[in-house]
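Reviewing the structure listed below.
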Amino acid sequence: MELRYWGGDWGLPSVHPECLVVLAYAKFGGAPLTLNPVDYTWASSQGIVPILTYEDEIITKPANILTFCRKHKYNADYVLSAREGSDTLAYIALLEERLLPAIVHTFWVDSDNYSSVTRPWYASRIPFPLRFYLPGKMSREALNRILVTKGQPPLYSMNEVEAQIYKDAKECLNLLSNRLGTSQFFFGDTPTTLDAFVFGFLAPLYKARLLKVQLQEHLKQLPNLCDFCDHILCLYFTEHAEGTSPAGQEAIDANLQKLTQLVNKESNLIEKMDDNLRRSPQNLPKAMTTLQPSASAEPRHSSHLLTP
């Protein structure tokens, strides 16, 4: 299975939320993906990612890719009950309805963030001449998507639409924070589909160096969600993690403690084996003839033996 996706930055394996959802789920479910970051040559100029290819099949959109992984027995949700599965679908719908529009606006519609962060990043990874076309196309599509889904009565002006989508996003973040509480993941000690979606949507917002930080500041006021992102980065994307939060540090400490316990057990086992060898009957060694130095040989100090 080969996954084509936008590459990473800011300490993330991908800066694209939907690509990040698939990458996280693949880690959670153990799917053996061949990763192929795209640069958008003429062969793929539509800006559609992520794309999963398997033999003759081509699968797009995170939901379809995750379903495909489950069909091939790479399932991160096997621990969920029927009720938890229903809750997962409800929360994902909430994320896409309330949180995603504000994230899209933050990166692709807000003029300051788009001109200083989003457009330069994508243009630097797109070959000439597509770099002058594709980011603008993606920005226009993002704006149209927001206007079509949110620009309906009684919201008639763009300012009203913006105010509403950010209000909805902040309420969604508060709900997620309350649902997560002090847990590592949303359904116990094992990450699932919901964790992949929350991580994919929140991590770029959390890690990006934005000029307009309205939604980012609200996220950083919810430390358990920030720790949640750091925790997943620390456990599953170590090569990309820039730093660790208290939650991430706890995970490192726990793994270090387990490793220390394992080393101690092995050391005790080796000591017992040595004791058994010392107590077992031993054959006396045969006397060996001592070699005498020749008369012409100069005496050597014992410290010279240590000299290479």
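One table, with the values for the structure above:
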{"read-out": "Qualifying helices (runs of 4 or more DSSP H) (wholly inside segment 104-201; at least 1 residues being acidic (Asp, Glu) and either at pLDDT below 90 or open to solvent by 80 Å² or more (accessible area, probe 1.4 Å) (or both))", "value": "134-150, 158-180"}
{"read-out": "Residues of segment 220-241 that turn out to be touching a residue at least 24 places away in the same chain (Cβ under 8 Å), of a type in the set (A, V, I, L, M) and in a helix (DSSP H, G or I), as a count", "value": "3"}
{"read-out": "Residues satisfying the stated conditions in segment 65-99, i.e. open to solvent by 50 Å² or more (accessible area, probe 1.4 Å), farther than 14 Å from Ala196 by Cβ and part of a helix (DSSP H, G or I)", "value": "Lys71, Ala82, Arg83, Glu84, Ser86, Asp87, Ala90, Ala93, Glu97, Arg98"}
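This table checks each residue for (1) out of contact with any Phe, Trp or Tyr (no Cβ under 8 Å at 6 or more places or on another chain); (2) open to solvent by 30 Å² or more (accessible area, probe 1.4 Å); (3) at pLDDT 90 or above.
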position: Val15; (1), (2), (3): no, no, yes
position: Cys19; (1), (2), (3): no, no, yes
position: Lys27; (1), (2), (3): no, yes, yes
position: Ala31; (1), (2), (3): no, no, yes
position: Thr34; (1), (2), (3): yes, yes, yes
position: Thr41; (1), (2), (3): yes, yes, no
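The values are calculated or read from the model by the stated rules, or taken from the named source; none is laboratory data. In this text the structure is predicted, and so the values were computed from the model without any measurement. As a convention, Cβ positions derive from the backbone with ideal geometry for all residues, glycine included, and neighbour counts pool all protein chains shown. Note: accessible area is taken over every heavy atom of the protein model, side chains too, but ligands, DNA and RNA are not part of it. Shrake-Rupley method; radii C 1.70, N 1.55, O 1.52, S 1.80 Å.
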